[in-house]
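Trainee: One structure follows; several queries about it will come next.
Please treat every number below as a calculation from the coordinates, not as lab data. Note that the structure is predicted; figures quoted are calculated from it, not measured. In this analysis, Cβ positions are derived from the backbone assuming ideal geometry, glycine residues included, and neighbour counts consider all displayed protein chains.
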Amino acid sequence: MNEPLNFNPSLPPLLSGHPVLPPLDPFEAAVSAAGSGEGEAGDLFWSCATETIAFAIVLEPDVERSRVQEMLFVLMVSAADALGAICPPEMGISWNWPTAINANRASLGMARMVVSEGDDENGAPDWMVVGLELGLKPTSDAEPGEDLAATTLWDEGGVDVEAVPALESLARHFLTWVHRWESDGFKPVHEAWLFRCDGYRKSVSLVKGQTPVIGNFMGLDNQGNLLLKVGDDARVFAAADHLSPETCALPVVGQDDKPEV
């Protein structure tokens, strides 16, 4: 028998939990609260669904607009550490630029980000929201591994992982990485993110508009934008323009073992 869901998770003091009942989306709830002025920095909206881990955090940036997307990569790096602490060691967490999160190379979920249109007197956005949505348990009767394109923590061996303890771990690791970002800048985040990136230094396909662009994934710039070598040209693609799963940079089939150096 499943234990009753805990509506009062143990969160770090800087975060305030706000449970969101399905089918409402905690990310949309966070964006609505931030946009209306009812939400404030540190508000964490989380889903009470038991088959997914979904949450969103309201932030009030104090850096210029070009840098706020760094927090998206902070969140993803912190999630990898959190999942590594609660999941079996054989579970490999990786991702595709900029938001798709994988477990053992199958799609586990994604990171999300929205930034306010208005800026404060210092040129920083009034607010932003970052969030994660990860598959926790299967929602169908399919056998584990049957759908090679999608997976859950349960399918990958994390059968003992529950939503609320996972949320608590994710929140703690997020604040740890935020502190490191504040102290050391984007460099350690940049390095940790590239370490787990599927497609780094390999051929990837990126959807720009309606047209796929294929090139060599050279790395990220200082704000997390994609550096792509297309033919003889080096091009930069903004992370903020590729936040949907359909526009992520995916490794080209057959090119995984042919890195360009």
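Trainee: Report the convex hull volume per residue for the chain, counting only C-alpha atoms, in Å³.
Mentor: 146 Å³
Trainee: 7 Å from Cα along Cα→Cβ at both Ala238 and Val213: what's the point-to-point distance in nm?
Mentor: For Ala238 paired with Val213, the spin-label model returns 1.2 nm.
Trainee: While we're looking at this one, here's another question. Can you check what the Kirkwood hydrodynamic radius comes to for segment 92-234, Cα pairs only, in Å to one decimal?
Mentor: 17.6 Å
Trainee: Moving on. Plugging the Kirkwood radius over Cα pairs into Stokes-Einstein for segment 199-251, at a temperature of 37 °C and a viscosity of 0.692 mPa s, what D comes out in µm²/s?
Mentor: 301 µm²/s
Trainee: Another question about this same structure. Provide the net charge surrounding Ala54, with neighbours chosen by a C-beta distance below 11 Å and charges set as Lys +1, Arg +1, Asp -1, Glu -1.
Mentor: -3
Trainee: Would you mind ranking Phe55, Phe237 so that the residue whose beta carbon has the fewest other beta carbons within 10 Å leads the list?
Mentor: So the residues, fewest neighbours to most, are Phe237, Phe55.
Trainee: With +1 assigned to the C-beta of every Lys and Arg and -1 to the C-beta of every Asp and Glu, and no other charges, what is the dipole magnitude of the chain about the Cα centre in debye, to the nearest 20?
Mentor: Here the chain has a charge dipole of around 720 debye.
Trainee: Still on this structure, please answer the following. Per 0.36 nm of contour for each residue apart, how much would the distance between Glu60 and Phe7 grow if the chain were fully extended, relative to their Cα-Cα spacing?
Mentor: 16.5 nm
Trainee: Now for a different question. Give me a comma-separated list of calculated 3J(HN,Hα) values for segment 18-26, in order, Karplus coefficients 6.51, -1.76, 1.60 applied at θ = phi - 60°, integers in Hz, x for any Gly or Pro.
Mentor: Along segment 18-26, the couplings run 9, x, 10, 7, x, x, 5, 9, x Hz.
Trainee: Can you give the net charge of the other residues whose Cβ lies under 13 Å from the Cβ of Gln69, counting K and R as +1 and D and E as -1?
Mentor: Charge balance near Gln69 sits at -1.
Trainee: Sorted from fewest to most neighbouring beta carbons within 10 Å, what does the list His18, His179 look like?
Mentor: Starting with the residue having the fewest Cβ neighbours, the order is His179, His18.
Trainee: Neighbouring Cβ atoms within 10 Å as the yardstick, rank Thr211, Thr139, Thr176 fewest first.
Mentor: Thr211, Thr139, Thr176
Trainee: Another question, if that's okay. From the backbone phi of segment 32-47, what are the Karplus-calculated ³J(HN,Hα) couplings (6.51 cos²θ - 1.76 cosθ + 1.60, θ = phi - 60°) in whole Hz, Gly and Pro given as x?
Mentor: Each residue's phi maps through the Karplus curve to give 4, 5, 5, x, 8, x, 7, x, 9, 3, x, 6, 10, 9, 9, 7 Hz.
Trainee: Follow-up. Calculate I(q)/I(0) for segment 1-156 by the Debye formula, one identical point scatterer on each C-alpha and no solvent, and give its log10 at q = 0.15, 0.20 Å⁻¹ to two decimals.
Mentor: Per q value, in the given order, log10 I(q)/I(0) is -0.85, -1.33.
Trainee: Label points 7 Å out from Cα along the Cβ direction at Leu227 and Phe195: separation in nm?
Mentor: Those two pseudo-labels are separated by 1.9 nm.
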